[in-house]
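Contents: one structure, followed by commentary.
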Amino acid sequence: MTTPTATDQKATTRVYRAGRVERNNFPVKDISEYIDQPDTTVWVDLLSPDTDDLQVIAEELGLHELAIADAVNARQRPKLDRYATHDFLNMYAVRLDTATGQLSLSELAAFITPRALVTVHKDDQFDIDEVLNRWDGSPDLARNGVGFLLHGLIDHVVDGHFEAVQGLDEEIEKLEDLLFDQQPHDGDVQRRSFELRKSLVTLRRVVLPMREVVNSLMRRDSKIVQEEMTPYFQDVYDHVLRATEWTESLRDLVTTIVETNLTIQGNRLNVITKKVTSWAAIIAVPTAITGFYGQNLPYPGFSTPAGFLASSILIVVLSVALYVAFKRKDWL
């Protein structure tokens, strides 16, 4: 019995022959034997590999050392690099936490050869089982080999981008409702706006380069995408464009919400200032009259019931008159 190596323990493998799954979880060292057989396609998936793990596969498939370094090092930009014997793809799957508005990323790399696809995900947050379900759900296309596997992988990632944009759109709609609520939520609106804008900036960085990635794969000189798979990649490209345009429009919308919130705060402050000033004017009337009649000097009506009655009537009449005038002007 062959003892599993460290690479085998980190790897998930599969062999397609004539579009059907022939074997699962075979040793990585047997890759070259399968790809030399006619009408076969090999898929290998590695979770958080190091350089030594990838070196085993590099010897089997002739992978370039720069591509290996990019696959090991984190935080590479989304891209498609061309080498003599293979292509190297790097992209990001995303997940949106609607409770916090935060976006989390899972980096994914892939080595693309004419007969084999090697995927590398650098954390366990990426749902590779969902990709397998997509592949198993389209057995009639599996005969297209690497192009078919690559489509299922990219389609899953792009759908995640689209779902994240849709989720952010829904959260922004809730933010708009909160913005115009009768009860002020200035602090919540401001905090939520910056959280969503930060997530949109992050999403834009991973979605925007995917246009060039998918477009490069569809070029005829790449010889990766078969003619039968071209419409499917075109559909993915359309989703990428829609996600990109949607992201851009949402960024502008969040900026508008922030500006609108500041405007509403300013208007609310003006209304409050106006009301306080109006009440101060009304209160100033009895203050002035009682202050005048509180002088220690004789004056008409001094120390008489008639003087008290006259001052009281004057206070009431002037205060009511000011209140009515301010109310008509909508100052109160």
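Points to keep in mind about this one:
- Some residue of segment 92-101 being touching a residue at least 12 places away in the same chain (Cβ under 8 Å), in contact with a Pro (Cβ under 9 Å, 6 or more places away or on another chain) and crowded, with 16+ Cβ neighbours inside 10 Å: yes
- Considered as a group, the residues in segment 275-299 that are small (Gly, Ala, Ser) and either outside any helix (DSSP H, G or I) or at pLDDT below 80 (or both) include one that is nearest to Phe326 (Cα to Cα), and that residue is Ala288.
- Test for Asp124: is it under 21 Å from the mean Cα position of the chain (by Cα), assigned by TED's automatic domain parsing to the domain that holds Thr255, surrounded by fewer than 18 Cβ atoms within 10 Å (Cβ to Cβ) and outside any loop (DSSP other than H, G, I, E, B): no
- Within segment 189-200, the residues that satisfy the criterion of being surrounded by 14 or more Cβ atoms within 10 Å (Cβ to Cβ) and of a type outside the set (A, V, I, L, M, F, W, C) are Gln190, Arg192, Ser193, Glu195, Arg197, Lys198, Ser199.
- Hey, Leu89 surrounded by 22 or more Cβ atoms within 10 Å (Cβ to Cβ) and touching a strand residue (DSSP E or B) at 6+ places or on another chain (Cβ under 7 Å) or not: yes
- Per the conditions (1) under 15 Å from Arg14 (Cα atoms); (2) modelled with pLDDT under 90, the sole criterion not satisfied by Asp124 is (1).
- Residue that is modelled with the lowest pLDDT, among those in segment 204-239 that are under 18 Å from Leu108 (Cβ atoms) and outside any helix (DSSP H, G or I): Ile224
- Scanning segment 182-235 for residues that are touching a residue at least 60 places away in the same chain (Cβ under 8 Å) and more than 26 Å from the chain's Cα centre (by Cα) gives Pro184, Ser222, Lys223, Ile224, Val225, Gln226, Glu228, Met229.
- When residues of segment 300-332 are limited to those that are surrounded by 11 or more Cβ atoms within 10 Å (Cβ to Cβ) and among the polar types (S, T, N, Q), the one modelled with the lowest pLDDT: Ser311
- The strands (runs of 3 or more DSSP E) located wholly in segment 51-119 include none with 3 or more residues which are under 22 Å from Thr41 (Cβ atoms) and hydroxyl-bearing (Ser, Thr, Tyr).
- Restricting Thr273, Thr263, Thr255, Thr247 to those that are of a type in the set (Ser, Thr, Tyr), under 30 Å from Arg192 (Cα atoms) and surrounded by 15 or more Cβ atoms within 10 Å (Cβ to Cβ) reduces the list to Thr247.
The values are calculated or read from the model by the stated rules, or taken from the named source; none is laboratory data. Quick caveat, the model's predicted, so the values are computed rather than measured. We place every Cβ from the backbone using ideal geometry, glycine too, and count neighbours over all the protein chains shown.
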